Amino acid sequence: MVKLSPLSPFAGLLPREVGSLRVTEVDPGPVHWIAPYRSGLEGTAEALGAAGFDWPAPNRWTGGASGRLVSVGPGQAFLVGAVPPEIPGAAVTDVSDGWAVAALEGPTVREVLARLVPVDLSEQAFGADATARTLVGHMSASVTRVGEGFEVMVFRSMAGTFVEEVERAARSVAARG
Amino acid sequence: MRLPCPHCGERDLREFTYKGADLPLPEGPDWGPDWEAYLHLRRNPAGETRDLWYHGPCGSWLSVTRNTATHAVAESRPAREPGS
Ligand SMILES: [Zn+2]
């Protein structure tokens, strides 16, 4: 019998170091897209609040090591790294396998991302609890500030392109010395 | 050029897709000058225009009123909400 073993989205592509930029794969655990029905936002926030998660403001995330609730659109959030409770007022979709997640760290991380992401990621504009649905090159992405670095989510099918684009940007930043 | 998304705030033009003029639908199903104007006639103003834009990253359809001569944006609201 053929035995299938799972491959992670960045298998064979990450980790990678270019100049002083470190790019590593993140296993986010379960990822659920929580989209409250019209007039279901209050009940959704309540159900998640009872489970210890505060509904995030636009462009913000809440939580911590035990799971993050990340704003990803008008009245929508991703619960990353935790299984959501029963939420009667929302459409909850398991999207764990649909996303590739990478952590970018190092002193040049903002310079590298500035070449790809059309959002101001500076310390002043993009604080410790900031997140943005935006672009990485031409790819739709979710960029989240985590500690001193960033976690970037792209569609799993884009994992190869993502690594290529980040590497090219990192190389040209490194070449400037 | 930058456009404000009511959810995400001000964002770069690269994140948006132009979706055409935002015009009120003519009344009634019968063909006539109103429908022809709705489908075919555009003013191309040097001044105020109201258009539909799609903010891809957050999935919002927006109705944006802006000035083509000054780039000033007078209003940006979710297209699903009733307008002024
Ligand atoms: Zn938006």
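Looking at segment A:62-83 only, could you name the residues that are hydroxyl-bearing (Ser, Thr, Tyr) and away from the ligand (no atom under 14 Å from the Cβ)? Before you say what the answer is, go through the steps one by one.
Start the filter on segment A:62-83 by keeping residues that are hydroxyl-bearing (Ser, Thr, Tyr), which leaves A:62, A:66, A:71.
If the condition is that a residue be hydroxyl-bearing (Ser, Thr, Tyr) and away from the ligand (no atom under 14 Å from the Cβ), then A:THR62, A:SER66 are the ones that fit.
Taking B:LEU3 as the residue in question, decide whether it is within 16 Å of the ligand (Cβ to nearest atom), open to solvent by less than 60 Å² (accessible area, probe 1.4 Å) and touching a residue at least 60 places away in the same chain (Cβ under 8 Å).
Numbers: within 16 Å of the ligand (Cβ to nearest atom): yes; open to solvent by less than 60 Å² (accessible area, probe 1.4 Å): yes; touching a residue at least 60 places away in the same chain (Cβ under 8 Å): yes.
Taking the combined requirement at face value, the residue satisfies it.
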Self-check item: Unique match (being touching an Asp or Glu at 6+ places or on another chain (Cβ under 7 Å), open to solvent by 60 Å² or more (accessible area, probe 1.4 Å) and charged (D, E, K, R)) among B:ARG14, B:ARG42, B:ARG50
Solution: B:ARG50
Quiz item: Of the residues that make up segment A:35-57, is at least one at pLDDT 95 or above, under 13 Å from the mean Cα position of the chain (by Cα), outside the structural domain of A:ALA170 (by TED's automatic domain parsing) and under 21 Å from A:THR134 (Cα atoms)?
Solution: no
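So which residues in segment B:1-43 are small (Gly, Ala, Ser), more than 14 Å from chain A (Cβ to nearest Cβ) and outside any helix (DSSP H, G or I), if there are any at all?
B:GLY20, B:ALA21, B:GLY28, B:GLY32
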Quiz item: B:GLU27 is checked against (1) surrounded by fewer than 10 Cβ atoms within 10 Å (Cβ to Cβ); (2) among the acidic types (Asp, Glu); (3) in contact (Cβ under 8 Å) with a residue 24 or more places away in the chain and fails just one. What number does that condition carry?
Solution: (3)
Quiz prompt | Index of the failed condition, A:PRO84 passing every other in (1) free of Cβ contacts under 8 Å to residues at least 60 places away in the same chain; (2) closer than 25 Å to B:CYS5 by Cβ | solution = (2)
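I'd like the full set of residues that are of a type in the set (D, E, K, R) and surrounded by fewer than 17 Cβ atoms within 10 Å (Cβ to Cβ), limited to segment A:130-155.
Taking segment A:130-155 as the starting set, the residues that turn out to be of a type in the set (D, E, K, R) are A:133, A:145, A:148, A:151.
Correct list: A:GLU148 only.
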Practice problem: With respect to A:GLY29, determine if the residue is touching a residue at least 24 places away in the same chain (Cβ under 8 Å), over 19 Å from A:GLY127 (Cα atoms), within 14 Å of chain B (Cβ to nearest Cβ) and small (Gly, Ala, Ser). | Solution: no
Quiz item: Looking at B:PRO78, is it within 16 Å of the ligand (Cβ to nearest atom), modelled with pLDDT of 95 or more, under 22 Å from A:ASN59 (Cα atoms) and touching a Cys at 6+ places or on another chain (Cβ under 8 Å)?
Solution: no
Practice problem: Go through (1) farther than 19 Å from A:PHE78 by Cα; (2) open to solvent by 30 Å² or more (accessible area, probe 1.4 Å); (3) not β-branched (Val, Ile, Thr) one by one and return the number of the condition A:ASP97 breaks. | Solution: (1)
Quiz item: Do we have any residue at all in segment A:105-116 that's within 12 Å of chain B (Cβ to nearest Cβ) and open to solvent by less than 30 Å² (accessible area, probe 1.4 Å)?
Solution: yes
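Taking the stated definitions as given, is A:ALA90 of a type in the set (A, V, I, L, M) and out of contact with any Pro (no Cβ under 6 Å at 6 or more places or on another chain)? Quick ask: steps written out before the conclusion?
Working: of a type in the set (A, V, I, L, M): yes; out of contact with any Pro (no Cβ under 6 Å at 6 or more places or on another chain): no.
No; evaluated as a whole, the condition is false for this residue.
The values are calculated or read from the model by the stated rules, or taken from the named source; none is laboratory data. None of these values were measured; they are calculated from a predicted model. Glycine also receives a Cβ, built like all others from the backbone with ideal geometry; neighbour counts cover every protein chain displayed. Heavy atoms of the whole protein, side chains included, go into the accessibility calculation; ligands, DNA and RNA do not. Shrake-Rupley method; radii C 1.70, N 1.55, O 1.52, S 1.80 Å.
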